[in-house]
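Have a look at the structure below, then the notes.
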Amino acid sequence: MLEVYIDGAAAGNPGPAGIGVLIRGEGHEVKVSEPLEDLDNHTAEFRAFVRGVEEAAKLTSGLVSVRSDSKAVVSAVEKRYAKNPVHMDMLERALRIADGFDFFFIKWIPDSQNRAADALARAAIRRK
């Protein structure tokens, strides 16, 4: 099983943004810390989700468990719907990938359990 921790951050709303993805499991540890253009926080969170499932798909087609502190992303995935058209486009892209896994789960976690992905996202903002 791969555990995929994701986080998006923005310094302002909108402002300089970044994503953080940490993938662990099946002998892998992958870290992604990527600066983004100026975005709002929710859009950065959705971008992190897309990147997380893209990276997971490079490693497995089996069991993938995504962990996010974004209630908006977790709710959108569970409902398979996002009200914002930009978020819906990203959601559909990510779900096409996620539907290719044998098993896919997403779970909301508190910020305190997502510190590694948060640190990667914030480091990306500082590098911008």
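State yes or no: is V50 touching a helix residue (DSSP H, G or I) at 6+ places or on another chain (Cβ under 9 Å) and either of a type in the set (G, A, S) or over 20 Å from D111 (Cα atoms) (or both)? Criteria not met by V50.
Considering the range 44-64, and only residues there that are surrounded by 17 or more Cβ atoms within 10 Å (Cβ to Cβ) and in contact (Cβ under 8 Å) with a residue 60 or more places away in the chain, the residue that is farthest from A17 (Cα to Cα) turns out to be V64. Six or more apart or on different chains, Cβ under 6 Å: which pairs go from a residue in the range 73-84 that's free of Cβ contacts under 8 Å to residues at least 40 places away in the same chain to one that's not small (G, A, S) and not in a loop (DSSP other than H, G, I, E, B)? Could you list them? Here the result reads V74/I106; V74/W108; A76/L91; V77/I106; A82/M88; A82/L91, each pair linking the range 73-84 to a residue that is not small (G, A, S) and not in a loop (DSSP other than H, G, I, E, B). Taking (1) of a type outside the set (A, V, I, L, M); (2) out of contact with any strand residue (DSSP E or B) (no Cβ under 9 Å at 6 or more places or on another chain); (3) free of Cβ contacts under 8 Å to residues at least 40 places away in the same chain; (4) not in a helix (DSSP H, G or I) in turn, D89 satisfies each apart from (4). Just to be sure before I move on: is E54 in a helix (DSSP H, G or I), farther than 23 Å from R127 by Cβ and of a type in the set (D, E) in the structure I sent? Answer is no for this residue.
Every number here is computed from the coordinates shown, using simple stated rules; none is lab data. It should be emphasised that the depicted structure is a prediction, and the values quoted were computed from it without experimental measurement. As a convention, Cβ positions derive from the backbone with ideal geometry for all residues, glycine included, and neighbour counts pool all protein chains shown.
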